[in-house]
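Remarks on the structure that follows.
The values are calculated or read from the model by the stated rules, or taken from the named source; none is laboratory data. The shown structure was predicted, so the numbers you read here are calculated from the model rather than taken from an experiment. Cβ placement follows ideal geometry from the backbone for every residue including glycine, while neighbour counts extend to all protein chains displayed.
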Ligand code: NAD
Ligand code: 6OH
């Protein structure tokens, strides 16, 4: 298990320590049936800020995944299965309390795994994790049931009403960019509906899912209700979980290609899936926008979390009348970002998650050159002159001048980068924004209220922001169209996915 107190008390050491081969900083184990368990194989957890190994992580074997699934199934028949909604909701509030009690510990674990700035983890990731438990605890208590009165053929009446039951054992597979936020976004509603879960966090970010197990214990969540199995996708825990006959549903956030592989894996056992996948999101800036607000908003939308948020804008369309002023202003914002150590309060640009992901992002920087882009700023790596040069930082980058058909405009890069293109009419802007196989999110910047509504309704995505970005009300539907996903989560949408509805029809 993770020694939470040690993480909290040794943040600087955790981030800067060089670990000689074989010398372990900490071990992160699987959590199965209420116990932390080791296994035969381990893999390294690397700190993206300086490339050091910060932990050895147990990779769950197939038999350990089986044990986790069986523990979850067994837990459904025990105390957890008998709890009423009120008590279940109370325990979820206690999970939120336990997260808040260990706030610094979660923040340190998250930034050690991801390299993200402390300001971001403390403002976004960890508070949202607690909020996820509170919101779904309250939602499930407030959830009503559908009922219809039906006239029968002989003129009598029947009453229909639906009751909500858990799906059973839910496999939760999550990515590395917002590890705790995205995990709890799915675990909280799954538990609120009375399910038991087997969670497989990303192999890049195993820490906070494991720490969450301690919060579950504190909160009195019975053993077997929350299990964590660490490992990879194909040929490892991800695959073992998705093809498991006794897993009743799979909820997944990650790349669209991985979603396709999971669909194949679940097909033989016909599991319901909920998928939040990739994006190539557009932002449209009209000349009647509040210019300063739009520049700040787009700077966040492009560079937050080093561009590693599925909702980030990699395609920015700007009214030609303000195009060059906007490009200059965003360039200034990019050049004023402060790439630093995650624990420095002034840092607002962290590294990418891994050496491999850095290679991918840099290959797109190279491709942009080959595709004829004009480089506005960035396009390379920083030279810090200290251990950060062993980390995975890249420069925030802006391009102009690419054709809309260019691969850099079509494919998700998932880094601190955008392409800015001019438009001459509202129709053209809408057409360019919609010219993608993805459909996750968009933002529109205008002070014309009618235009804001009109354009928002024409964009083929799951969420469109007007004069804001990443503002989330957790009761609203969240998900994507096209390659960006299947289904919606949030509020009642989550409760409906994580429940089996049984309609009862009673002749009166
Ligand atoms: P990924 O798809 O590579 O991995 C996500 C998870 O799936 C990891 O836990 C991984 O181990 C697991 N996995 C990989 N292959 C698998 C397989 N064959 N079977 C089962 N599990 C498998 O994604 P990532 O690189 O971790 O995250 C970045 C991607 O996630 C980006 O495309 C981003 O847009 C997307 N994302 C989407 C949302 C959203 O809400 N739409 C949110 C965050 C991230
Ligand atoms: C993707 O990287 C971000 C997804 C955000 C959410 O799922 C959320 O609930 O805010």
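One residue alone among 205, 242, 210 is touching a residue at least 12 places away in the same chain (Cβ under 8 Å), in contact with a strand residue (DSSP E or B) (Cβ under 9 Å, 6 or more places away or on another chain) and near ligand 1 (Cβ under 7 Å from one of its atoms), and that residue is 242. Among the conditions (1) within 30 Å of residue 193 (Cβ to Cβ); (2) crowded, with 20+ Cβ neighbours inside 10 Å; (3) within 16 Å of ligand 1 (Cβ to nearest atom), residue 442 misses just one, which is (1).
Take the conditions more than 16 Å from ligand 2 (Cβ to nearest atom) and either under 20 Å from the mean Cα position of the chain (by Cα) or not assigned by TED's automatic domain parsing to the domain that holds residue 403 (or both) and apply them to residue 308. Does it pass? No. Only strands (runs of 3 or more DSSP E) whose full extent lies in the stretch 91-193 are considered here, and the ones with at least 3 residues that are within 16 Å of ligand 1 (Cβ to nearest atom) and in contact with a strand residue (DSSP E or B) (Cβ under 9 Å, 6 or more places away or on another chain) are 169-173.
Taken over the stretch 462-498, the criterion of being over 20 Å from residue 181 (Cβ atoms) and either within 16 Å of ligand 1 (Cβ to nearest atom) or surrounded by 23 or more Cβ atoms within 10 Å (Cβ to Cβ) (or both) is satisfied by 464, 481, 482, 483, 486. If you go through the stretch 269-302 and pick out every residue that is surrounded by fewer than 24 Cβ atoms within 10 Å (Cβ to Cβ) and either assigned to a helix (DSSP H, G or I) or at pLDDT below 95 (or both), you end up with 9. The condition (being farther than 23 Å from residue 28 by Cα, within 10 Å of ligand 1 (Cβ to nearest atom) and either within 15 Å of the chain's Cα centre (by Cα) or without any contact (Cβ under 8 Å) to a residue 24 or more places away in the chain (or both)) is satisfied by just one residue among 254, 235, 259: 259. If only one of 179, 206 is more than 20 Å from residue 69 (Cβ to Cβ) and buried (at least 20 other Cβ atoms within 10 Å of the Cβ), which one is it? Among 179, 206, only 179 is more than 20 Å from residue 69 (Cβ to Cβ) and buried (at least 20 other Cβ atoms within 10 Å of the Cβ).
Would you say residue 266 is crowded, with 24+ Cβ neighbours inside 10 Å, at pLDDT 95 or above, over 18 Å from residue 463 (Cβ atoms) and more than 16 Å from ligand 2 (Cβ to nearest atom)? No, not satisfied. Given the condition assigned to a helix (DSSP H, G or I), surrounded by fewer than 23 Cβ atoms within 10 Å (Cβ to Cβ) and either at pLDDT 95 or above or away from ligand 2 (no atom under 16 Å from the Cβ) (or both), answer yes or no: does some residue in the stretch 228-239 qualify? Scanning the stretch 228-239 turns up at least one residue that is assigned to a helix (DSSP H, G or I), surrounded by fewer than 23 Cβ atoms within 10 Å (Cβ to Cβ) and either at pLDDT 95 or above or away from ligand 2 (no atom under 16 Å from the Cβ) (or both). Considering every residue within the stretch 76-86, establish whether at least one is assigned to a helix (DSSP H, G or I), modelled with pLDDT of 95 or more and touching a strand residue (DSSP E or B) at 6+ places or on another chain (Cβ under 6 Å). Checked against the condition, which is being assigned to a helix (DSSP H, G or I), modelled with pLDDT of 95 or more and touching a strand residue (DSSP E or B) at 6+ places or on another chain (Cβ under 6 Å), the stretch 76-86 yields at least one hit.
Of all residues in the stretch 318-353, those satisfying the criterion of being in contact with a strand residue (DSSP E or B) (Cβ under 8 Å, 6 or more places away or on another chain), closer than 30 Å to residue 112 by Cβ and surrounded by fewer than 18 Cβ atoms within 10 Å (Cβ to Cβ) are 335, 337, 338.
A quick yes/no check of all residues on (1) within 14 Å of ligand 2 (Cβ to nearest atom); (2) under 14 Å from the mean Cα position of the chain (by Cα):
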{"residue": "175", "(1), (2)": "yes, yes"}
{"residue": "178", "(1), (2)": "yes, yes"}
{"residue": "183", "(1), (2)": "yes, yes"}
{"residue": "187", "(1), (2)": "yes, yes"}
{"residue": "197", "(1), (2)": "no, no"}
{"residue": "208", "(1), (2)": "no, yes"}
{"residue": "211", "(1), (2)": "no, no"}
{"residue": "218", "(1), (2)": "no, no"}
{"residue": "221", "(1), (2)": "no, no"}
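Based on this model, can you work out whether residue 219 counts as at pLDDT 95 or above, more than 30 Å from residue 439 (Cα to Cα) and surrounded by fewer than 24 Cβ atoms within 10 Å (Cβ to Cβ)? When the stated conditions are applied, residue 219 passes them. Check the stretch 347-359 and report whether any residue there is away from ligand 1 (no atom under 16 Å from the Cβ), in a loop (DSSP other than H, G, I, E, B) and assigned by TED's automatic domain parsing to the domain that holds residue 385. Checked the stretch 347-359: at least one residue is away from ligand 1 (no atom under 16 Å from the Cβ), in a loop (DSSP other than H, G, I, E, B) and assigned by TED's automatic domain parsing to the domain that holds residue 385.
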